[in-house]
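The values are calculated or read from the model by the stated rules, or taken from the named source; none is laboratory data. Because the structure is a prediction, the values reported are computed rather than measured. Note: ideal-geometry Cβ built from the backbone for every residue, glycine included; neighbour counts use all protein chains shown. To get the accessible areas, we keep the full protein, side chains included, count just its heavy atoms, and leave off ligands, DNA and RNA. Shrake-Rupley method; radii C 1.70, N 1.55, O 1.52, S 1.80 Å.
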Amino acid sequence: MNEKGIAAAALSVRSLSMDAIQKANSGHPGLPLGAAELAAVLYGEIMKHNPANSKWADRDRFVLSAGHGSMWLYSILHLSGYKVSLNDIKKFRQVGSKCPGHPEYGQTDGVECTSGPLGQGVAEAVGMAIAETMLAARFNTKNHKIVDHYTYSLVGEGCLEEGISSEASSLAGHLQLGKLIVFYDQNQISIDGSTDITFTENIAKRYEAYGWQVLRGSMYEPAKIVELVNEAKKCADKPTLIMLKSVIGKGAPKQGTPDVHGAPLGAEGIIAARKKLGIPEGAEFYVDPEAQKYFESKKSAFAAAEEKWNAEFAAWSKENPELRKMWDAFFAGKPTGKSVAPKYKIGQSDATRNSSGKMINVMADKYLNLVGGSADLMGPNKTQVKNDDGTYSAQNRKGRTIEFGIREFAMSAICAGINLHGGLRPFCATFLIFSDYLRANLRVQSLMGLNTIYVLTHDSIYVGEDGPTHQPIETIAALRAIPGVHVLRPGDSEETCLAWEMAMASKKNPVCLALSRQNLAVYEKADKNWKASAKKIGAYIVQDGGAKPDITILATGSEVNMSLAAAKLVPNKKIRVVSVLDKTIFDSQKCDEKKKLFGGAPRVVVAEAGVSMGWEGYATKCCDLFTINRFGESGPANKVAEHLGFTAEKLAELLK
């Protein structure tokens, strides 16, 4: 190992980081200054990667879970040869910069994910490690290992205090993800002071209890870090936590204190730090020439690693042409087989969660890269993938059904990691009400433009006996409020089949399927091209109501059936019923398109078993919002609906 080159690279990470933060007058210098040696040795000696091609399929993945220390990552990406220029670094935290305040997926070459709020990054790393094992089990052969890489992550105390890291780490240990290696920047400082004020648990014992291997070292012994990583790799049946003692803001006048965590060092602080670190006086954005030489000398080795894999991949492709076709389909998100959606008759009744369960298996047969499961609700969610591959486990890496346990937040972030890894399309499931637990990661997934599918059952007050804590009222409106998220609430089994087709067709948007527990009858569709209409404008005409209807009802989910029943109770009025399958698409339509759907009706009524928020602009008057703006009750579903006045009869009274 070139110790001189590593030291120069670490010095350069510190210099670039503190100057970029000072210029922006915003940022977190503590981590970049305190953990610079890890950056240098990780990107110079440990990781299998090629900066000339940041998307090489078998590269090692790195996730900066402590994303506030983003200048640590930008600096080492620049030094090691990724497409991050010095000018980019000088524009740190400026609008349109390739170096935003936290690493953002798709904006910066070499950034593997948007880790966002603390703890989510390490959970995404768990997902990447799962994806590696799944693909390795499916594509590696006796003669060729074309999927064989590690996932690394850097966490701080903040990540480990957040509950999501516990959820994800517990599952990672259970699944024996031996190719997951997490570095812990153990500086024992947070914003409010020493972590001792709130965080005194024994981290090593905690992770050992999760089933991890725990190793210890110093952040400032690069050769020892390499040894620790090599030791970690020898343990194939446990993920590894490498605890590295460090000094936050190392080299700054106030090193080791909260003052260097989240604020620029200041002009005098920069001068003092340069002097202490040995950076030439007045040398802004200094890069040690030895660091440049070091990474220049690494270029051929980086390229050779990819070239070796390319040769292995070519030989594997020649020997396994059918597997190669499948590989290409997996990574392009294309079908690998054929399967037909079930057919339903008018009047046939079933819960849309049941119809969804059938469609999951239709899609799983059509797309062999579809993987996922639920948060300990596989039965109620109807999410079991019924095939010969079985359930994913430490003993069965080919399994496509994932048992996430009661870990909704981590489940979502793990699916993000699976999605980001490439080659697999994940879905996850829980009750709609529990989407509140995973919402923070759903938001981050939408920011990244990921197309993970969420199966969210038990979608309304019709959950019944479990009561108001389990009856979603505001939840669908909250999900729709996240930009980029599409919420599909099908009203019958036919719409559920279409909803799954729309979800699988999504390229850059997360899709939430809100599904019923209670049975819903399949209804006749007045629009004979209803599937095309629903895909294009998010809604279509179920019941025409004549050329000039008196009233148009906009309904979703179970309220389509309710609206049809209510219309029959008002025979003296011409009533059009429109099913709004995807309100996000519908909202985006021009006014003329919407008016055409309304049919010129002088009155528009909205029917949805949830809060009125988001529908106000459609109803003719406030009283035409047939919604529920209060929490539910515990009791049989029909009794709860009667108690709340949410029945077809009550809707008919409103229509009259």
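For Pro103, the conditions (1) in contact (Cβ under 8 Å) with a residue 40 or more places away in the chain; (2) open to solvent by less than 20 Å² (accessible area, probe 1.4 Å); (3) not aliphatic (A, V, I, L, M) are fulfilled apart from (1).
Considering every residue within segment 215-223, establish whether at least one is touching a helix residue (DSSP H, G or I) at 6+ places or on another chain (Cβ under 9 Å), surrounded by fewer than 14 Cβ atoms within 10 Å (Cβ to Cβ) and more than 26 Å from Val41 (Cβ to Cβ). Among the residues of segment 215-223, not one is touching a helix residue (DSSP H, G or I) at 6+ places or on another chain (Cβ under 9 Å), surrounded by fewer than 14 Cβ atoms within 10 Å (Cβ to Cβ) and more than 26 Å from Val41 (Cβ to Cβ), which makes the answer no. Only strands (runs of 3 or more DSSP E) whose full extent lies in segment 532-585 are considered here, and the ones with at least 1 residues that are β-branched (Val, Ile, Thr) and under 29 Å from the mean Cα position of the chain (by Cα) are 575-580. Restricting attention to segment 337-372, the residues that are within 24 Å of the chain's Cα centre (by Cα) and in a loop (DSSP other than H, G, I, E, B) total 3. Within segment 119-148, residues that are under 14 Å from Gly417 (Cα atoms) and part of a loop (DSSP other than H, G, I, E, B) reach partners that are modelled with pLDDT of 95 or more and open to solvent by 10 Å² or more (accessible area, probe 1.4 Å) with beta carbons closer than 6 Å, at six or more positions or on different chains, in the pairs Gly119/Glu162. Looking at segment 599-630, which of its residues are in a helix (DSSP H, G or I) and closer than 15 Å to Ser563 by Cα? Asp624 - this is the single residue of segment 599-630 that is in a helix (DSSP H, G or I) and closer than 15 Å to Ser563 by Cα.
Could you say whether any residue in segment 76-84 is of a type outside the set (D, E, K, R), open to solvent by less than 30 Å² (accessible area, probe 1.4 Å) and outside any helix (DSSP H, G or I)? For segment 76-84, residues of a type outside the set (D, E, K, R), open to solvent by less than 30 Å² (accessible area, probe 1.4 Å) and outside any helix (DSSP H, G or I): present.
One residue stands out among those in segment 313-348 that are open to solvent by 70 Å² or more (accessible area, probe 1.4 Å) and of a type in the set (A, V, I, L, M, F, W, C): the one that is nearest to Lys145 (Cα to Cα), which is Phe331. The single condition among (1) at positive phi; (2) touching a helix residue (DSSP H, G or I) at 6+ places or on another chain (Cβ under 8 Å) that Tyr294 does not satisfy is (1).
This table checks each residue for (1) at pLDDT 95 or above; (2) touching a Cys at 6+ places or on another chain (Cβ under 6 Å); (3) closer than 21 Å to Phe427 by Cβ; (4) buried (at least 24 other Cβ atoms within 10 Å of the Cβ).
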residue	(1), (2), (3), (4)
Leu488	yes, no, yes, yes
Glu501	yes, no, yes, no
Lys507	yes, no, yes, no
Pro510	yes, no, yes, yes
Leu513	yes, no, yes, yes
Ser516	yes, no, yes, yes
Ala539	yes, no, no, yes
Asp544	yes, no, no, no
Ala555	yes, no, no, yes
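With respect to being small (Gly, Ala, Ser) and closer than 18 Å to Tyr43 by Cα, Ala125 fits the description. For segment 447-463, the criterion of being crowded, with 22+ Cβ neighbours inside 10 Å, under 30 Å from Gly110 (Cα atoms) and of a type in the set (D, E, K, R) is satisfied by no residue at all.
Quick test for you: out of Glu268, Glu201, Glu227, Glu284, pick the one residue that is out of contact with any Cys (no Cβ under 6 Å at 6 or more places or on another chain), farther than 27 Å from Gly158 by Cβ and either part of a loop (DSSP other than H, G, I, E, B) or open to solvent by less than 80 Å² (accessible area, probe 1.4 Å) (or both).
Details: Glu268 fails: either part of a loop (DSSP other than H, G, I, E, B) or open to solvent by less than 80 Å² (accessible area, probe 1.4 Å) (or both); Glu201 fails: farther than 27 Å from Gly158 by Cβ; Glu227 fails: either part of a loop (DSSP other than H, G, I, E, B) or open to solvent by less than 80 Å² (accessible area, probe 1.4 Å) (or both).
The unique qualifying residue is Glu284.
Filter segment 569-581 down to the residues that are in contact (Cβ under 8 Å) with a residue 40 or more places away in the chain and open to solvent by 10 Å² or more (accessible area, probe 1.4 Å), then identify the one that is nearest to Leu651 (Cα to Cα). Here the residue is Leu569. Restricting attention to segment 354-380, the residues that are open to solvent by 40 Å² or more (accessible area, probe 1.4 Å) and either of a type in the set (A, V, I, L, M, F, W, C) or in contact with a helix residue (DSSP H, G or I) (Cβ under 9 Å, 6 or more places away or on another chain) (or both) total 6.
Could you say which residue among Gly399, Gly405 is open to solvent by 10 Å² or more (accessible area, probe 1.4 Å) and at pLDDT 95 or above? Spell out how you get there, then give the answer.
Working: Gly399 fails: open to solvent by 10 Å² or more (accessible area, probe 1.4 Å).
The match here is Gly405.
The residue list Leu520, Leu513 contains one member that is in a strand (DSSP E or B) and closer than 20 Å to Ala637 by Cα, which is Leu520.
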